Every structure is written in structure tokens, then in C-alpha cells.
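Undergrad: Attaching a single structure in C-alpha cells format; questions to follow.
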Amino acid sequence: VNHVLLLIGEIEDPLPAFIKQENKLIPLNKALREIHFPEKISEINLARERLSFDEIFNISLKGSLKRKTIRSKKTVVSVVPSKISSFLDKLTSNLPYELTPSQKEVTKEILNDLSKSFPMNRLLQGEVGSGKTIIAVLASLAVVKSGKSSVILAPTEALAYQHYMTFKKLLEPLSVTVSLITGSSEKTELNSDVIIGTHALLYSNAPLKGGGLVVVDEQHKFGVAQRAKIIELLGVDKRVPHLLTMTATPIPRTLALAYLGDLDISILKESPMGRKGVKTWYVPESKRAPAYSWVKKQISSLRTQAFIICPLIDESESESLKSVKSAKTEFEKIRSIFNKYKVGLIHGKLKSAEKQNVLNDFRDNKIQILVATPGVEVGIDIPNLTIIIIEGSERFGLASLHQLRGRAGRSDKNSYCLLFSSSTSL
């Protein structure tokens, strides 16, 4: 013990006296001594406060240094707002809705970043369905009309395809070309103004040099090295592109970076006008039949549609998973129960073209009920979808449940999420 106390006494305190005084912190060697050998509770609390402060301070300091390094670099393109404002105005005026106050404010923040000589490094955080995609469209349009391309990264083919359809619809009337690249793509087209792709884009052999903007959607599903690689691929002559990352479910590390580190943060605080949200109900096994009857009435009277999410694709031989719903088995049951309606099935084993055909039929209301696996948790934006049933809901984390529920509630119609469970412990 004496040797430990001796070593603690020799540790130099890195914090300046004014920081310790302003934050009412005890010296470091005293904190280390009292956290290990306290004589009373109050000493432990003061020691913990000092050591916790040091930990957060160091994270903040590293973030500040990284921010300084980023801002020392030059960007591939600096947008001149006055030269692209007419294009942005034309796009927003043709939208079937008005941007929310938050969307307008966030657009200003991003355009301000894009006009700088150093690269943007911003996180856009917004609730499921709050309208993050239109912000990415506006940022991409600004960069394209400034002479450079924009790259959009999405974690799944479903989300990439959804973005492709959205960007194509909004930007092609403004003479902006859009292409889609996934693992299933038959050809690689990298000469478009806006390139939308999955992880496959990171491993394409075709050159991507000179891109002005990278947008990473659901950024927590990409690793740090993957985000760094796409920036490297688009960089040219030691200049790097702007970076916009987007998420509805920030992870703790993201929050630390956003508030204490190298990321600037923008928040969409409200949902688009007219949306009524999603009412969530827990449905025990005894209420399953009445719930199905209610779903039939909703679809019949309101001409709406429903998702049914199952945790597995096939039935499992595992003893612990035998009671868990599989999509293929549930599809047959649902098709017999809802025999007056068209029922579809989508899961990860389907080929990309098959998935898109099913989703297109669902989007066109040729399919009223779609049985699916959790791969649809992002990337599905169908306003007429008002009911989502989640089988085995106790097997999903809160973030996944939140994302799945967010597939409904994208119109002015009342929407519902039914959490089914056969567990008796809930």
C-alpha cells in the first residue's frame, strides 16, 4: 500500500489550476488516492467526479484535435449559395408538402457548411419519418449544380432502391442523372451526377475521384474504416468531399462524437405536417383472432395495407426457436386467414429483382398484406401502409422495434403497431 501511495504522489496533474477551480475539482493524486483508499463516502464522490471529468475532458480534447485536423484540409467543392438557390427553390416549390421549420433550418446549416473551404462533417439526427431524405436530396442538388457528384451510401438494397426512386423522381426534372449500384447490379455506372449504393460501392474497381459529397444513411451500420474508405475514394489532390451522416437511432459513441467531438449535429425536431403518429398495442396470444378480424375491417373499409414481420425465414430445428414465427410458414397461414386479399412474401433469400417486384406490387397496392423478415426495418416508405404486426416482438431490441414501427404512420391516416407475443412472461 505504501508503494502505491508513493507512486500516486508522484503523478503530475495535467489540468491547469483554473479548470480545477472553475469546476470545483480536487487534485488528481488526491482523487486517485481517495478512490482506492477512502476514509468516508464524500471522498469517493469527489474522487469519482474528478476522474469522470478527466475522461470526458480527454474525449472532448481528442474530438477538438480531430476537428482541427479535418478543418485543415481542403474540400473538393465549395458551394456558392447564390448560384444554386434557384435550383433549390424550384425543387422545394414542386414538393407536395411544405418543409418543416426544422428542415428549413437544417438545410441552411448544411448549405453554410457546403460553402466553406474545408469539408463538412455533420450528423443529421431525426426521428423515423421526420424527413431526412429530402435534406440529402437538397444537399446533393447543391453539390451537383456546383459541378461535382454526390454519393449516397445505404446499408441495404431495399433502402438504396428506395433512395434511388426518390432521388430520381425529384432530381431528373432538374437535369440531374441518378444511378444505383448494389451487389446485384448488372453493370457499374459511375458517371452519374448522383450515385446511390450499398457496401458494394466501397469495393467497386471503377474510379470515384472528385466527388463533392458523401451521404451515409443509417451511419451506425457502417464501420469507421468503411466511412473513411469512401471519403478516400472520392478525394482528389489531397482534397476531400463533404460528409453528411444520417441516423434515427444514434448509438452512445455517436452521441459522444456529436456533442463532444469532431461532428457538428443537426436535429429534425418535428415530423412533417399532417402525420398522426403510430398507436402501439401489445397483443397477447388470446387476442390474436380478434386482432386479425380488426385488421380485415381496417383494410376493407379504408383500403389500407399491412406488414407482418416474422423473426425467422424458415422454421428452426433449435429447441429454443421452435416457437418463433417463420416468414414462410406464417405466409401460408396468413394467406388462408386473409383469403379475400392479396398476400405477399419478402425475405433475405430472395434475389434482388424478386424483392423489388414484390415491393413495387405492395407500393401499387396490388398486394394488401406483406409478410416479411426484419430486413424491411429501413427503406420502406409507403404512405398507404397503416398497420404493422410484429411477431415474436420480445425477440427484438427497442431500436429495431422503433424502426419497424416507423414503416407505418407516413400519411394523414391513423396508423397502428401490434406487438404479438406468445411469451407468458410479458
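The values are calculated or read from the model by the stated rules, or taken from the named source; none is laboratory data. Since we're looking at a predicted model, the values are computed, not measured. A quick note on method: Cβ atoms are made from the backbone with ideal geometry, for glycine too, and the neighbour counts reach across all protein chains shown. What goes into the accessible areas is simple: the full protein's heavy atoms, side chains included, and nothing from ligands, DNA or RNA. Shrake-Rupley method; radii C 1.70, N 1.55, O 1.52, S 1.80 Å.
Undergrad: Under a GNM of the chain (C-alpha, springs under 10 Å), which listed residue has the highest mean-square fluctuation: 171, 180, 350?
TA: Top of the fluctuation ranking is 350.
Undergrad: Given a cut-off of 30 Å, name the pairs among 269/296; 68/132; 238/349; 68/104; 68/90; 279/355 whose C-alpha atoms lie farther apart than that in the structure shown.
TA: The answer is 269/296; 238/349; 68/90.
Undergrad: Please report the accessible area of residue 361 (heavy atoms, 1.4 Å probe, ligands and nucleic acids excluded) in Å², nearest 10.
TA: Surface open to solvent at residue 361 totals about 50 Å².
Undergrad: Rounded if a/c is under 1.5, else prolate if a/b is larger than b/c, else oblate: which is region 44-170, with a ≥ b ≥ c the root eigenvalues of its Cα gyration tensor?
TA: In terms of gyration-tensor shape, prolate.
Undergrad: Between residue 235 and residues 5 or more places away or on another chain, which pairs have amide H atoms under 5 Å apart, with H built 1.01 Å from N, and which residues are they?
TA: When sequence neighbours closer than 5 places are left aside, the close amide H contacts are 210.
Undergrad: Is it possible to state the helix-based mean residue ellipticity at 222 nm for the chain, with each DSSP H run of 4+ residues giving -39500 (n - 2.57), the sum divided by total residues, to the nearest 500 deg cm²/dmol? What is it?
TA: -13000 deg cm²/dmol
Undergrad: Now for a different question. Please label the shape of region 99-153 as rounded, prolate or oblate, based on the square roots a ≥ b ≥ c of the eigenvalues of the alpha-carbon gyration tensor (a/c under 1.5 means rounded; beyond that, a/b larger than b/c means prolate, else oblate).
TA: Prolate, because a/c is 1.5 or more and a/b exceeds b/c.
Undergrad: Between residue 127 and residue 22, how many nm apart are label points set 7 Å from Cα along the C-beta direction?
TA: 3.6 nm
Undergrad: When all protein chains stay in place, what accessible area (Å², nearest 10, 1.4 Å probe) is found for residue 366?
TA: Its accessible surface works out to 130 Å², give or take rounding.
Undergrad: Rolling a 1.4 angstrom probe over the protein heavy atoms, how many square angstrom per residue are accessible across the chain?
TA: 51 Å²
Undergrad: Right, something else. Peptides 153-163, 107-117: what's the order by average Cβ count within 10 Å, highest mean first?
TA: Final packing ranking: 153-163, 107-117.
Undergrad: Shifting gears a bit: Would you mind getting me the FRET efficiency between residue 116 and residue 303? Use the beta-carbon distance for r and R0 = 60 Å, nearest 0.05.
TA: 0.75
Undergrad: Would you mind computing the Rg to Rh ratio of region 15-114 from its alpha-carbon coordinates, Kirkwood style for Rh?
TA: Here the Rg-to-Rh quotient is 1.32.
Undergrad: May I ask which residue of 14, 191, 63 lies farthest towards the positive end of the charge dipole of the chain, with charges of +1 (Lys, Arg) and -1 (Asp, Glu) on Cβ and the Cα centre as origin?
TA: Most positive-ward Cα: 191.
Undergrad: Using 0.36 nm per residue of separation minus the Cα-Cα distance, give me the extension gain between residue 225 and residue 85 in nm, one decimal.
TA: Going from the current span to full extension adds 47.0 nm.
Undergrad: Another question, then. Run the quick spin-label model on residue 365 and residue 282: label points 7 Å from Cα toward the beta carbon, then report their separation in nm to one decimal.
TA: 3.5 nm
Undergrad: When volume of the Cα convex hull per residue in Å³ is calculated directly from the model, which label among [x] 213; [y] 161; [z] 364 fits?
TA: Given [x] 213; [y] 161; [z] 364, the structure-derived one carries the label [x].
Undergrad: Let me ask something else about it. Full extension from residue 98 to residue 333: what is 0.36 nm times the residue separation minus their Cα-Cα distance, to one decimal in nm?
TA: 80.4 nm
Undergrad: Describe numerically, in nm with one decimal, the distance between label points set 7 Å from Cα along Cα→Cβ at residue 203 and at residue 36.
TA: The two pseudo-label positions are separated by 4.8 nm.
Undergrad: Do the alpha carbons of any pairs in 73/168; 73/209; 30/62; 74/209 sit beyond 21 Å of each other, and which pairs?
TA: 73/168; 30/62
Undergrad: For the chain, which whole percent of the accessible surface, found with a 1.4 angstrom probe, sits on carbon and sulfur atoms?
TA: For the chain, the apolar C and S fraction of the accessible surface comes to 54 percent.
Undergrad: Continuing with the same structure: Say a paramagnetic label sat at a point 7 Å from the Cα of residue 273, along Cα to Cβ; which residues of region 69-104 have their backbone N under 17 Å from it?
TA: Counting backbone N atoms under 17 Å from the label point, the list is 92-104.
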